[in-house]
Amino acid sequence: MPFGAECRDDGTVRFRLWAPAAQSVALHVNGRGLPVPTVGEGWFEVVTEARPGNQYKFKINNEQGVPDPASRFQPSGVHGPSEVIDPCAFEWINGNWRGRPWEEAVVYELHLGTFSPEGTFSGAQKKFDYLADLGVTAVEVMPISSFPGDRNWGYDGVLPFAPARAYGRPEDFKGFVDTAHSKGLMVFLDVVYNHFGPEGNYLWLYAPQFFTDRHHTPWGAAINFDGACSRTVRDYFIHNALYWLEEYKLDGLRFDAVHAIKDDSKSDVLTELSDTVRRRFGDERHIHLILENDHNAAHFLRREAEKPRWYTAQWNDDVHHAAHVLVTGESDGYYSDYSKNPAWHLGRCLTEGFSYQGDASEYRGGQKRGEPSRDLPPDCFVSFLQNHDQIGNRAFGERILNLADAKKVRAAVATLLLAPSPPLLFMGEEFGTATPFLFFCDFGPDLAPKVTEGRRAEFARFSQFTSAAAQAKIPDPNTKETFLNSKLDWASVDTPSHIQWLQFYRELLALRHKEIVPRIKEIVPGKASFRLLGREALSATWIFKSGGSLELIANFGRDAIELQKAPQGRLLYTTQDGLTAALDQKKVPPISVGWFFKA
């Protein structure tokens, strides 16, 4: 890696910093200050005696001390010194792990600080047996890059190579990954390449070329991926992806909000990054690259010889929004794009991937959104009913069971967990947790009040929060109480209602692994179809290469639906006792789901 501190075989360490705006750089390590010579094109480099565990800082122009932007660990936080880490010191037990094929993916998203009582890597891995028994095959960790303070969602990270000290040391995260592999679990990491957080980012002092005023993002100036000096900036993030996949042996990465990455290059950074990863790993082991992309850019998901050309899959917000409207009836904000015909949107997502495939979005003022996705296989799209955004971006962080009828939620869960697209669960949903997931952070005194005010102002446009008194009830993101209230209540798992939800999810996931997963590769892309049975009901069919089919009948309404033709084949699963008898009468009972397999 061209950035940061590199341990060498002779017992020395090479320290390297890109600081094109600095007149001078000094290295402070082991109580000594050493001048760092320039080596061309904005680079400063020095080799000196040091060893793992030593702490160091760079001093810019004899004035400001800064951490290493490629620091592997920050023992005192984002404003303190960096620590020299030997990337080869950890002894892997499962070093030959090759991963799992993507069609087996059942993803479990978690936030390390709130998933376990300890809020650490070691605390979270105590639940791996539980997750494996549930039927999960992949743990997706929300961002862990070092952030200011002791608690954060992770999207305010400023040192993307350094695991946050709040969760443990680098070797603790490697132990987390190693233990997961021993349980047959893949590990994915959420990474943020669209912006740096607002506190603890010192790049402006010595490398303002990291940013550009040619583009803008919701968080301010964009990262410079396409202007002067962008080669080094692109390398920084591409090496970050390789770093997590190589040094930590991760099975994949989830790229946050790539629609906010502004890049007019002929070969954009997303393409170059995925090309680099694919070349580096080849068929050595399974590597899964997952996008979050509001643009629904289907071309990134293209297959060649049934393998991903660039990215493996994308989080499918369309399927969430359609299902959410069906079970809750909400129509505010972006849900308005799905509220007129939610069953149609859900059917299109289930059988064609995106619902918006170049269609005009009323919510976006008539702007067209998306690219055609019908001919892509269903495993290109990750489905979910809940995730950190859709819960945590609500004022009170409510879970879906606080918003909708439990029967409708069960119907939606049975639809998404048995559909061919890989499902994602958000921590605790499998046992119907009542714990909210709130927005929380721990900024310094200058920024914290502004974040609190901004959070409350964000909801002022909603009728229920127009008054100052109503806004004041929105939890303050900066208080420790907000964070603690978001911790999962594991003691509640043993209560009857939560046990029922857990058994429900286990049953569905066991059925998925037995009946659905072996047939996913047999589904013919572009041949799936759906039809409406009413405003809140639909049927969907996937065709197998062998000529058989998988069929769904789903009614989210409170009235029975007349059916012209009963589904063919063996009943795999139903949420409704007596469904078969009702279908014989060509009726679909209220709030019911049935899955059928035809050989």
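Some observations on this one:
- Tabulated pairs, the range 423-445, first of a type in the set (S, T, N, Q), second surrounded by fewer than 20 Cβ atoms within 10 Å (Cβ to Cβ) and part of a loop (DSSP other than H, G, I, E, B), C-beta under 6 angstrom, 6+ apart or interchain: Thr435/Asp489
- Qualifying residue in the range 549-562 (condition: over 36 Å from the mean Cα position of the chain (by Cα), assigned to a loop (DSSP other than H, G, I, E, B) and either not assigned by TED's automatic domain parsing to the domain that holds Cys349 or not charged (D, E, K, R) (or both)): yes
- Taken over the range 243-261, residues that are surrounded by fewer than 18 Cβ atoms within 10 Å (Cβ to Cβ) and either within 23 Å of Gly370 (Cα to Cα) or not acidic (Asp, Glu) (or both) amount to 1.
- Of the residues in the range 172-190, none is hydroxyl-bearing (Ser, Thr, Tyr) and either at pLDDT below 95 or under 19 Å from the mean Cα position of the chain (by Cα) (or both).
- Residue in the range 526-550 that is surrounded by the most Cβ atoms within 10 Å (Cβ to Cβ), counting only those that are touching a Gly at 6+ places or on another chain (Cβ under 9 Å) and charged (D, E, K, R): Glu536
- Enumeration of residues in the range 172-206 that are out of contact with any Pro (no Cβ under 6 Å at 6 or more places or on another chain), small (Gly, Ala, Ser) and farther than 30 Å from Ile93 by Cα: Gly197
- Residues that are in contact with a strand residue (DSSP E or B) (Cβ under 9 Å, 6 or more places away or on another chain) and either farther than 30 Å from Leu273 by Cα or in contact (Cβ under 8 Å) with a residue 60 or more places away in the chain (or both), drawn from the range 309-325: Thr312, Ala313, Gln314, Trp315, Asn316, Val319, His320, Ala323
Yes/no per residue for (1) over 16 Å from Ser421 (Cβ atoms); (2) modelled with pLDDT of 95 or more:
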{"position": "Ala469", "(1), (2)": "yes, no"}
{"position": "Phe483", "(1), (2)": "yes, yes"}
{"position": "His498", "(1), (2)": "yes, yes"}
{"position": "Trp501", "(1), (2)": "yes, yes"}
{"position": "Leu508", "(1), (2)": "no, yes"}
{"position": "Lys514", "(1), (2)": "yes, yes"}
{"position": "Ser529", "(1), (2)": "no, yes"}
{"position": "Ser549", "(1), (2)": "yes, yes"}
{"position": "Arg558", "(1), (2)": "yes, yes"}
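- Of the strands (runs of 3 or more DSSP E) lying entirely inside the range 1-49, those containing at least 1 residues that are surrounded by 15 or more Cβ atoms within 10 Å (Cβ to Cβ) and in contact (Cβ under 8 Å) with a residue 60 or more places away in the chain span 4-7, 12-18, 25-29.
The values are calculated or read from the model by the stated rules, or taken from the named source; none is laboratory data. This one's a predicted model, so the numbers in the text were calculated from it and none came from an experiment. Here Cβ is always computed from backbone atoms with ideal geometry, including for glycine, and neighbour counts include all displayed protein chains.
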